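Read the structure below first, then the notes.
The values are calculated or read from the model by the stated rules, or taken from the named source; none is laboratory data. From a predicted model like this one, the values you see are computed outputs, not experimental measurements. Neighbour counts run over all protein chains shown; Cβ positions are idealised from the backbone, glycine included. Note: areas computed on protein heavy atoms with side chains; ligands, DNA, RNA excluded. Shrake-Rupley method; radii C 1.70, N 1.55, O 1.52, S 1.80 Å.
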Amino acid sequence: MFYNYNMCGIVGYIGKKSALPIVLEGLKRLEYRGYDSAGVALWDQGSGKILWEKTTGRVAALETRLSEKSWESHTAIGHTRWATHGKPSDKNSHPHADCAENIFLVHNGIVENYAELKEALTREGHVFRSETDTEVLVHLVERELTMGNGKVVLEDALPEALRHVIGTFGLALISKNDPGKIVVARRGSPIILGLGEKEYLIASDASAIVEHTKNVVYLHDNEMAVLTPEDLKIYNFSKKILNKSIDKIDWDLESAQKGGYKHFMQKEIFEGPEALRNVLRGRILSDIGKVKLGGLKDLEKKLKNIKRIIITACGTSYYSGLIGKYYFEEFAKIPASVEHASEFRYGNPAIGEGDAVILISQSGETADTLQALREAKKRGALTLGIVNTVGSTIARESDAGVYNHAGPEIGVASTKAFISQVGALSLIALYFAGNRGTLPETLVNKILPELKLMPGKMEQILKKDKEIKKLAKKYLKYKNFIYFGRKYQFPVAMEGALKLKEISYKHAEGYAAGEMKHGPIALIDENFPVFALVPKDAVYEKTISNIEEIRARGGKIIAVATEGDEKIKKLADDVVFIPETLEALSPLLSVIPLQLFAYHTADLLGLDVDKPRNLAKSVTVE
Ligand code: G6P
């Protein structure tokens, strides 16, 4: 069974055992998801108070702080954070508390309307201690409990508070004034309840609790639960009691961390649609046909004067940048170029004021990209980051930027980050286009709704996983591959080839389809399969001609084409069909079969998919 995508980690315990060691151990099990800070809140038996501690760094750092204290408790909640809003810092770590330090809350997910809520709550006199989106949740609950409208228990106040929230949450809270219970709720971010003998556990992910119990209840969206040492009650947000079935998990710890998938890379490919949803979340204002990017809003005037864009990055991030170039030129009519960061930094680039340099980096720590950023700044260019890891060096040093919110990516070969980078680039280019009025409204009104449909279309392709595995088997014996495509498909061809070579160690090259005749076609014979990326787009007929040229030389063709394309069936040896979409968004679809093909090839060869030889997830050396 596969379950939901998730970023930070939540653990909680209520029962007869000592809660703190169980929660800390659980948090450590969740650290593979992200570990920029950690914290706990617990009922202290001795003082009868709620005590809390939180810190930047790993759970071990939290443990060190706690080792100086002699806290004893049977009720605790804990959190390990992977920052989305607000850099990793002690004050941004969870739990968050209300003004009076009565209520303590941990949260996974994103509160999209937190800025508006924070403003309203501040006006009402609430005092915020952090830069996070999460903190509004605890103040909202505080407001319900102190508004004098009769709400005295958490389970009554919480659904009222959550009515104001747009976004996703999996959350747990405890309150000084409502002792002996933990209350949890879910919308969009997973919460699992573990059932023991006179004890209950909560977790955002089974790996935190599999050691303690195999009996679990999965909370669904818009459900909440109240846990006491004796009892577990589950309600919907209208306080109607729900009778839920108990599931048995039969995973060991490692497979629980991979969410039931065999490898992290496989899991991350399947998280692609959610990664796209997350980068788009709250940023498309469909009603007015506009894109909203909080990270760029203070730069509106400066951005209007940008004359040229230079995108620079490494590896997969570089290939997403190549797609971005088309976006900036097509949508915003700004000249754009893309350079490998390792070349840019030593290339003595002729850039300065009026230029924007966009740095793309999943980790935010790649040494070449970081140096390129510093070089660009030195020369007076405006620097914008597209970064997945909040608070990373590139995020900190860029003038402004857009976070991906794709969640931690663990497999060395990047997959969901690519999807999310393409999503971010499309948004930024549409934002520029909006500022400059370069794109007809009719087109904007076509692109924005289609972007929202893309995750669903991606899911349709993921259903072809078995079909693609069969293809991988069929072509397993071949040692060399070429991937080709035109325009938007050219970067995808290079990304597909990179995926195959980095994890299966097969030789693969990505080529512009039109360039085949200037050299690579000499390689083609019956032992040289070619991936032809040929969705129905403006250059379809041209790519078809290139396919004919390969066929004439005995080459084998695996095509990625649009559903309903009858012609391609006759030309190709094998076809993977993808749903129809706008040309500009087609990379988000055509890359998926290539990711799956590379994954299955490497897996069928028995290779270490998540940690391929000679490679590192984040290259912090030149
Ligand atoms: C390494 C990784 C790639 C990644 C590249 C850039 O080579 O193996 O998957 O695309 O670095 O990393 P970044 O974190 O800057 O996106």
Quote the charge dipole size of the stretch 105-191 about the Cα centre in Debye, to the nearest 20; the model charges only the Cβ of Lys and Arg (+1) and of Asp and Glu (-1).
-> 200 debye
Mind grabbing the accessible area of E300 for me, 1.4 Å probe, Å², rounded to tens?
-> 90 Å²
Can you send over the solvent-accessible area of L443, 1.4 Å probe, protein chains only, in Å² to the nearest 10?
-> 70 Å²
For every helix of n ≥ 4 consecutive DSSP H residues, a contribution of -39,500 (n - 2.57) applies; sum these over the chain, divide by its total residues, and give [θ] at 222 nm rounded to the nearest 500 deg cm²/dmol.
-> -11000 deg cm²/dmol
What does the convex hull of the alpha-carbon atoms of the stretch 356-458 project to on average, in nm²?
-> 7.4 nm²
Using 0.36 nm per residue of separation minus the Cα-Cα distance, give me the extension gain between S18 and E566 in nm, one decimal.
-> 190.8 nm
Work out how far the C-alpha atoms of the stretch 1-118 reach from end to end along every principal axis, then list the three figures in whole Å, largest first.
-> 39, 38, 26
How much accessible surface does R29 have with a 1.4 Å probe, in Å² rounded to 10?
-> 60 Å²
Size of charge dipole - the chain - debye, nearest 20, with Cβ of Lys, Arg +1 and Asp, Glu -1, no other charges | 880 debye
Ranking K302, K463, K244 from most to least accessible area with a 1.4 Å probe gives K463, K302, K244
Extension gain, K477 back to L604 (0.36 nm per residue minus Cα-Cα distance, nm) = 44.6 nm
In this structure, the FRET efficiency calculated for E230 and D525 from their beta-carbon separation, with R0 = 60 Å, to the nearest 0.05, is 0.25
Roughly to the nearest percent, how much of the accessible area of the stretch 277-427 is carbon and sulfur, given a 1.4 Å probe?
-> 47 percent
Sort largest first and round to whole Å: the equivalent ellipsoid semi-axes of the chain, each the square root of five times a Cα gyration tensor eigenvalue.
-> 45, 28, 22
May I ask you to list the residues of the stretch 89-108 whose amide nitrogen lies under 14 Å from a point 7 Å from Cα along the Cα→beta-carbon direction of Q45?
-> none
To the nearest 0.05, how large is the calculated FRET efficiency for A120 and K333 if R₀ is 51 Å and r is the Cβ-Cβ distance?
-> 0.85
Once you treat every alpha carbon in the stretch 301-384 as an equal point and sum by Debye, what is log10 I(q)/I(0) at q = 0.13, 0.15, 0.21, 0.24 Å⁻¹?
-> -0.35, -0.46, -0.91, -1.17
Does the stretch 264-456 come out rounded, prolate or oblate, given a ≥ b ≥ c as the square roots of the eigenvalues of its C-alpha gyration tensor, rounded meaning a/c under 1.5 and, failing that, prolate meaning a/b above b/c?
-> oblate
What residues of the stretch 450-468 lie in the reach of a label at D573, counting those whose backbone N is under 18 Å from a point 7 Å from the Cα along Cα→Cβ?
-> 467-468
Cross-link pairs K377/K487; K416/K611; K69/K248; K469/K501; K477/K570 - those with Cα-Cα distance over 28 Å = K377/K487; K69/K248
Just order 304-311, 504-511 by mean Cβ neighbour count inside 10 Å, highest at the front, would you?
-> 504-511, 304-311
From the square roots a ≥ b ≥ c of the eigenvalues of the alpha-carbon gyration tensor of the stretch 514-608, which class results: rounded (a/c under 1.5), prolate (a/b over b/c), or oblate?
-> oblate
Report the FRET efficiency, 1/(1 + (r/R0)^6), for A60 and E254, where r is their Cβ-Cβ distance and R0 is 25 Å, rounded to 0.05.
-> 0.75
Can you tell me how much longer the chain between H507 and E211 gets when fully stretched, taken as 0.36 nm per residue apart minus their C-alpha distance, in nm with one decimal?
-> 102.3 nm
